[in-house]
Amino acid sequence: MPLIMAICVVAGILIGTFYANHFSGNRLSIINFSSNKLNNLLHVVDDQYVDTVDINELVENAMPKILSELDPHSVYISAKNVQAANDELKGSFSGVGIEFNIRQDTLRVLNVIANGPAERAGVIAGDKIVSVNDTLFVGKSVNNEEAMHRLKGPKDTKVKLGILRYGETKMRQITVTRGDIPQKSVSVTYMLDETTGYIKIKNFGENTYPEMLIALAKLSQEDFTNLVIDLRGNTGGYLASAVQIANELLPKGCLIVYTQGRKSPRQEYRSDGRGSYQQIPLVVLIDEVSASASEILAGAIQDNDRGIIIGRRSYGKGLVQQPIAFNDGSMIRLTIARYYTPAGRCIQKPYTHGGGKDYEEDLIYRYEHGEYFSQDSIKHTGPEYHTAIGRTVYGGGGITPDYFVPEDTTDVTSYYKEASMSGLIMQFAYSYTDENRGKLKSMTTMKEMNSYLKKQNLVEAFAAYAERNGLRRRNLMINKSHRLIERYIHSRIIYNILDEQAWMEYLNREDPAITKTLEVFKEGKAFPKKPETQKKNGKA
């Protein structure tokens, strides 16, 4: 008995010492207490609540709310949505290879990926998909999420589509074998003029850097001497891709970005001097949607005085998220650090813990306060910083461009706003495309198609269509907005028949930001100048 008691005492001392050493000086005991409280709450609800409760669903609903109390970008992604969340930034996904929209509760094929599974099986643009795997797929159940769920799937699996084709009354049955569908993040590459190459980056994914190198090689074959990188509408993506592209443009030793957080030591990313385009005149285009990795690239170019930023103030997302997976396949993206530009500014716009609504409505607030239309309306909430040559830049709310380009509202009327926001212009363009697909398919270039469309008086045709669909005709407003309505209609028809490249070529012809860009290159202003120091009066 004395021996057993001695062993118990020694074991107790060892166990107590272990826990004292392991948990002293940190917050784990507090966290454990709080988590126990949550577990206890769930147990009490499950055991004693008046009605039957799905505890798993309760937890799923609570997770986003807990993370929303931290910051606007820490998020929970359920297991069923993880694949879709990751697909966007990967170089490909497995599916049938179509681009679609939903109109009148029916899924309609806008475009078919060239040499993709759907095209090989015989699906063409303009087809209506009315059943999937012998199950009717029309009506209120048709939405983007459900369509993605039914059409995507593992590679080499089959999906049977019921197709209604324009001019036919009998439904076709087409079986498509799913395959890998490439997703390009560098979506447009062409020459704006004889010397200026243009590249549009939609997001920063796994393959953005190699796609960028291919685009630059293509422009090199056309002897470009100026470069435009369009980041408008680019909400970001992988930090590594932005750093790789910045490295291609910056001289050796330039700081590109650094990250730092409470538990994340400062980590710097610098250029290695092996980039092939360190001296080319450069303009980067941004707008209020450009965020995260877009702001990292724009900030690196601006703070190192490597090029000119044109457009409107960017979104202001400067928080670093780390993905953390759970055993059930769900995951969280938890903010662990902040991004800082080379000048030391954090571009994250202000936010309050749990104040998600105000944060989400920031772009609306900017619009209502005139920031999209006047540079003087930009409110800088952060301190001043200085670039390598001493130019003043601001932190605390996105990247402010070197040249501001306001949103063009010259010809906007209430009629145009209603026509565009209601989707009527999109619907008209699709209907016109469908009805004239045979003729339009014979045209292979944007210029040829636009020349043809200009002779068709489509604004008048649209006004009649819109009136039949509930939008009262307003002749004075239609005349004032004629250019905008025509531009919108033509652009969508060109997109429906040709591709995104032709669409962007058309839109860029009258784009004020592109006009300003070409002006900057022509005047030799693509390299920032050191600000002149003010002379001080004095006595000798």
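Using a cutoff of 8 angstrom between alpha carbon atoms and counting only pairs six or more residues apart, the relative contact order for the stretch 108-153 works out to 28 percent. Entry comment: accessible area of the stretch 400-540 is 58 Å² per residue, from protein heavy atoms only and a probe of 1.4 Å. Which entry in (1) 141; (2) 271; (3) 185 is this structure's computed volume of the Cα convex hull per residue in Å³? Checked against the structure: label (2).
Between L363 and E500, take the C-beta separation as r, use R0 = 22 Å, and let me know the FRET efficiency to the nearest 0.05. The calculated FRET efficiency here is 0.40.
Name all residues of the stretch 129-151 having a backbone nitrogen under 19 Å from the label point set 7 Å from the Cα of S78 along its Cα→Cβ direction, giving them as ranges. Residues passing the 19 Å test: 141-151. The packing ranking, built from the mean of other Cβ atoms within 10 Å per residue, places the peptides 52-64, 103-115, 494-506 in the order 494-506, 103-115, 52-64, highest first. For the peptides 232-240, 364-372, the ranking by packing is 232-240, 364-372, with the highest mean count of neighbouring Cβ atoms within 10 Å listed first. Between the amide H of G396 and those of C346, I347, Q348, distances stay under 5 Å, these residues lying 5 or more places away or on another chain, with hydrogens modeled in the peptide plane. In nm, give the distance between the simple-model label positions of M421 and H380, each being 7 Å from the Cα along the Cα-to-Cβ direction. Taking the simple label geometry, M421 and H380 are separated by 3.3 nm. Bridging of K170 to lysines at a Cα separation below 24 Å is possible for K128, K140, K158, K160, K439, K441, once same-chain residues fewer than 8 apart are set aside. Couplings 3J(HN,Hα) of the stretch 148-163, computed from phi: 4, 4, 7, 8, 6, x, x, 4, 6, 7, 10, 9, 9, 10, x, 10 Hz, in residue order, whole Hz [Karplus 6.51 cos²θ - 1.76 cosθ + 1.60, θ = phi - 60°; x for Gly and Pro]. Protein heavy-atom accessible surface, 1.4 Å probe, per residue over the stretch 322-372: 56 Å². Rolling a 1.4 Å probe over the protein heavy atoms leaves S220 with an accessible area of roughly 50 Å².
Between E532 and R262, the modelled labels are 5.0 nm apart [label points 7 Å from Cα along Cα→Cβ].
Taking 0.36 nm per residue of sequence separation and removing the Cα-Cα distance, the D105/K140 pair yields an extension gain of 12.0 nm. Given +1 at the Cβ of Lys and Arg, -1 at the Cβ of Asp and Glu and no other charges, the dipole of the stretch 98-170 around its Cα centre is 100 debye to the nearest 20. A simple spin-label model places pseudo-atoms 7 Å from Cα toward Cβ; at N36 and E460 they are separated by 8.1 nm. Annotation: per residue accessible area for the stretch 137-264 equals 48 Å², rounded to a whole number [probe 1.4 Å, protein chains only].
Round to a whole number: what % of the accessible area of the chain belongs to carbon and sulfur, probe 1.4 Å?
On the chain, the fraction of accessible area on carbon and sulfur atoms equals 53 percent.
When you count the other C-beta atoms within 10 angstrom of each residue and take the mean per peptide, 486-492, 151-157 line up highest first as 486-492, 151-157.
The values are calculated or read from the model by the stated rules, or taken from the named source; none is laboratory data. Just so it is clear, the structure is predicted and the values come from calculations on it, not from any experiment. Because the Cβ atoms are built from the backbone with ideal geometry, glycine has one as well, and the counts that use them run over all protein chains shown. Protein only, heavy atoms only, side chains kept; ligands, DNA and RNA dropped before computing areas. Shrake-Rupley method; radii C 1.70, N 1.55, O 1.52, S 1.80 Å.
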